[in-house]
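Asks: Structure below; questions to follow.
FYI, it's all coordinate maths here, none of it is from the lab. Since this is a predicted model, take the numbers as computed values, not measurements. All Cβ positions, glycine included, derive from the backbone under ideal geometry; neighbour counts span all protein chains shown.
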Amino acid sequence: MAAFMVKGTNSEKYIKVGTRSYQYNNKNLCIEKQSYDVSNNLISYAKYLYDDQGNKIGTLKYNADSTLLARYIYLYKDTLKVKTIKVDYRKDEETSREFTYNDELQCVHTMYFNNGKTIKSIKTSYTPKGESFRKQYFNGTNELTRDLYFKYTYSNNRIVKKSKFSQDDKLLTQSLYEYNKKGHKHIYYLNYASGKKKSKKRVYHYNDKGLHISTDVFELCP
């Protein structure tokens, strides 16, 4: 297995490329997300809809001039989300996903559809701690196309590193996590082993209630 330089230290130079901000209602449910570029120009925004039980039942995505780009509808059985429907107004198409759960209420099978036709599926296996350790990808005729494995490093019962491997044990990505004093995820790094994609960094900010109110988005300098 080939090693690669893990990026995610203060010595690495990242440039800020944007910001995400979040608004909440009086039930502490996130009702809107806004995305800005580095000059603080609005790029897009999304509005979230909930039922009386607090389940998210819809998302409306808009561009900066308030043109509706896409709509998502979420269907539940009890408290479990069993189906997502996406209407993409730019592509003029409807896609959907259906979710199957095990006895531990973990999603173990996701089916993807385009205009009612199966296009792919994903089977997920979990560790005793509830983290996904294997994802198998299948095409529309149920042929295995990709087999990925995940390994985790913990500190103080929190994930501090997540590594993704191919079926031949080739390292693909590494994610690093840092936490603040209250235990909230504060900084996240994503590094690609191939070097073909820029490494990413996210810095998360919270209010006094512990609600995530904004994210600063960075990319690693070339």
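Asks: Check residue 186: other-chain or 5+ apart residues with amide H under 5 Å from its amide H, H built from backbone geometry?
Replies: Close amide H contacts, sequence-distant or interchain: 178, 179, 180.
Asks: By a straight-distance test (C-alpha under 17 Å), which aspartates and glutamates pair with residue 182 as possible cross-link partners, with residues fewer than eight away in the same chain excluded?
Replies: 208
Asks: With only alpha-carbon atoms counted, please give the Rg and Dmax of the range 105-222, in Å.
Replies: When restricted to Cα atoms, the range 105-222 yields Rg and Dmax of 17.1, 50 Å.
Asks: Gaussian network model of the chain, Cα springs within a sub-10 Å range: biggest mean-square fluctuation belongs to which of 84, 127, 19?
Replies: 127
Asks: Kirkwood Rh and Cα-based Rg: tell me the resulting Rg over Rh for the range 1-115, rounded to two decimals.
Replies: On the way: Rg = 18.4 Å, Rh = 17.2 Å.
Ratio value, two decimals: 1.07.
Asks: With a 10 Å cut-off between alpha carbons and a GNM built on the chain, which of 117, 200, 181 moves the most?
Replies: Largest GNM mean-square fluctuation: 181.
Asks: For the cross-link pairs 117/197; 56/200; 56/86, which exceed 23 Å when the distance is taken from alpha carbon to alpha carbon?
Replies: Details: 117/197 32 Å; 56/200 28 Å; 56/86 14 Å.
Cα-Cα > 23 Å for 117/197; 56/200; rest within.
Asks: Based on alpha-carbon positions alone, could you give the equivalent ellipsoid semi-axes of the range 86-151 from the gyration tensor, as √(5λ), descending, whole Å? Let's see the in-between values first.
Replies: Values: eigenvalues 128, 39, 22 Å².
Value: 25, 14, 10 Å, ordered largest first.
Asks: Taking 8 Å as the Cα distance limit and 6 or more residues as the minimum spacing, I'd like the relative contact order of the range 14-220 as a percentage.
Replies: On the way: 458 pairs, mean separation 26.3, N = 207.
About 13 percent, as a whole number.
Asks: To continue, here is another question. Give the lysines reachable from residue 135 as a straight Cα distance under 20 Å; neighbours fewer than 8 places away on the same chain don't count.
Replies: 81, 83, 120, 123, 151, 161, 162, 164, 170
Asks: Under 5 Å between amide H atoms, partner at least 5 residues away or on a different chain: which partners does residue 146 have, H built in plane at 1.01 Å?
Replies: HN-HN under 5 Å from residue 146: 137.
Asks: Work out, in µm²/s and without decimals, the Stokes-Einstein translational diffusion coefficient of the range 14-220 at 20 °C, 1.002 mPa s, Rh from Kirkwood over C-alpha pairs. Display every interim value, and only then the final one.
Replies: Working: Rh = 19.5 Å.
Here the translational diffusion coefficient equals 110 µm²/s.
Asks: Considering the options 58, 121, 14, tell which one lies farthest towards the positive end of the dipole of the range 14-220, charges being +1 on Lys and Arg and -1 on Asp and Glu at the Cβ, about the Cα centre.
Replies: 14
Asks: Output wanted: per-residue J couplings in Hz (rounded whole) for the range 188-198, from phi through Karplus 6.51 cos²θ - 1.76 cosθ + 1.60, θ = phi - 60°, x for Gly and Pro.
Replies: Ordered by residue, 3J(HN,Hα) equals 10, 10, 10, 10, 9, 5, 6, x, 7, 10, 6 Hz.
Asks: With θ set to phi - 60°, apply the Karplus curve 6.51 cos²θ - 1.76 cosθ + 1.60 along the range 127-140 and write out the HN-Hα couplings as whole Hz, x wherever there is a Gly or Pro.
Replies: Those phi angles translate into 7, x, 7, x, 8, 6, 10, 8, 10, 10, 9, 10, 7, x Hz.
Asks: List, in order, the whole-Hz ³J(HN,Hα) value for each residue of the range 38-55 obtained from phi through the Karplus relation with A = 6.51, B = -1.76, C = 1.60 and θ = phi - 60°; use x for Gly and Pro.
Replies: Couplings: 5, 8, 6, 8, 5, 9, 6, 8, 9, 10, 10, 10, 10, 8, 5, 8, x, 6 Hz.
Asks: Moving on to the next point. Just how far, in whole angstrom, is the range 175-222 from the range 11-88 if you go by their alpha carbon centroids?
Replies: Result: 18 Å between the Cα centres.
Asks: Only loop residues by DSSP count here, and only those with at most 15 other Cβ atoms within 10 Å; note down the trypsin sites (Lys or Arg not before Pro) in the range 8-101 that meet that.
Replies: Numbers: sites: 13, 16, 20, 27, 33, 47, 56, 61, 71, 77, 81, 83, 86, 90, 91, 97; in loops: 13, 27, 90, 91.
Qualifying residues, ordered by number: 13, 27, 90, 91.
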